[in-house]
Amino acid sequence: MSEAAAGARRVFITGADGFLGRSLLAELVREVRLACIVAADVRPVPESRRHPGVIYLTLDVRDPALGQQMAAYRIDTVVHLASIVTPGRGSSRELEYSVDVLGSRNVLQACVAQGVQHIVVSSSGAAYGYHRDNPAWLRESDPLRGHPAFAYADHKRQVEEMLADYRVSTPALRQTVLRIGTILGETVDNQITALFEKPRLLAIRGSESPFVFIWDRDVTGAILHALRTRQAGCYNLAGDGALPLREIARRLGKPLRVLPAALLQAALAVGHALRVSRYGPEQLDFLRYRPVLLNTALKTEFGYVPAKTSSEAFDAFVAARAAQGRPLTRW
């Protein structure tokens, strides 16, 4: 029986050695219905992280040779994870745009040219943007506005607009787009988790600033579900419920410092001007207008139910940090 007749998939992963890529690969190597797994990353993957049977490529998503590689391995499915989430010190808005937006365009063009049937894209709740008039709970039908002051949010909006255009011009390429909330996991360390490590949490007067969390294994689980079902559509990927900063501070046993918006904006401006802070006054919108994702469509239409709620994901993260000897709580 041929691979196609047997339903075997030939999967190409971009950003395969990133945080999500590593977790996904660990699960994919156990998938018996996959005939081929190609893991591409801009940096060589160390031998210690390589899985038997996986084809590893050192390849930039902006490389024109991307389509040739897809053709060489007869790829029918792409998981596009490559993106600059936390820019390094030597980064620039131009570089981030070229990777996030132009790189995504190159991936889509390669998919169309090579007749790829299905693409799974890791988008973000940040694509909705940080806006005062965001609804209390964002649905997939709400507008994607990004935020010009935040490269990541602005670029995710642009990529989603591009994906929407391709859904019209190239409907044969099935798209599964996952708008991911704040990821937590046993080994997650990023700008968000750094907020919870501080001796006191910062809040803005008049803003609840709730978080919606998603456990990292639930992100991997949702991608696997997309590969198994080929269910197309755009879906918010978050655990049930949300946690306001006040509740997070209570669980950590830390004080919550509530500041007027104008005072915090001025302090951020001064700190940024003096180069003692990497964050400028625009950070205020992120702190008070964080997108809160409703996951109803994820469960009822896409058919995936996260194992952990936002609350359970946060508690599991705190417990993992304690087990690692890096407790977050002040009890």
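The values are calculated or read from the model by the stated rules, or taken from the named source; none is laboratory data. All values reported here derive from a predicted model rather than from experimental measurement. For neighbour counting, all protein chains shown are included, and Cβ atoms are generated from backbone atoms with ideal geometry for every residue, glycine included.
Brief remarks on what is shown
- Within segment 111-150, if we keep just the residues that are over 24 Å from Asp240 (Cβ atoms) and in contact with a Ser or Thr (Cβ under 9 Å, 6 or more places away or on another chain), the residue that is surrounded by the most Cβ atoms within 10 Å (Cβ to Cβ) turns out to be Cys111.
- For segment 225-237, taking the residues that are touching an Asp or Glu at 6+ places or on another chain (Cβ under 9 Å) and crowded, with 18+ Cβ neighbours inside 10 Å, the one that is farthest from Ala267 (Cα to Cα) is identified as Leu227.
- In segment 17-30 there is at least one residue matching the filter, namely being without any contact (Cβ under 8 Å) to a residue 12 or more places away in the chain and either of a type in the set (Ser, Thr, Tyr) or out of contact with any helix residue (DSSP H, G or I) (no Cβ under 9 Å at 6 or more places or on another chain) (or both).
- Any hit, segment 188-204, residues being surrounded by fewer than 19 Cβ atoms within 10 Å (Cβ to Cβ), closer than 25 Å to Ile119 by Cβ and touching a Lys or Arg at 6+ places or on another chain (Cβ under 8 Å): no
- Unmet requirement for Ser91, which otherwise passes all of (1) surrounded by fewer than 16 Cβ atoms within 10 Å (Cβ to Cβ); (2) touching a residue at least 40 places away in the same chain (Cβ under 8 Å): (2)
- Within segment 29-71, tally of residues that are hydroxyl-bearing (Ser, Thr, Tyr) and closer than 17 Å to Val99 by Cα: 1
- Within segment 171-216, the residues that satisfy the criterion of being on the phi < 0 side of the Ramachandran plot, touching a helix residue (DSSP H, G or I) at 6+ places or on another chain (Cβ under 7 Å) and of a type in the set (S, T, N, Q) are Gln175, Thr176, Thr182, Ser207.
- Segment 32-70, subset under 17 Å from Arg9 (Cα atoms), assigned to a loop (DSSP other than H, G, I, E, B) and touching a strand residue (DSSP E or B) at 6+ places or on another chain (Cβ under 8 Å), residue modelled with the lowest pLDDT: Arg33
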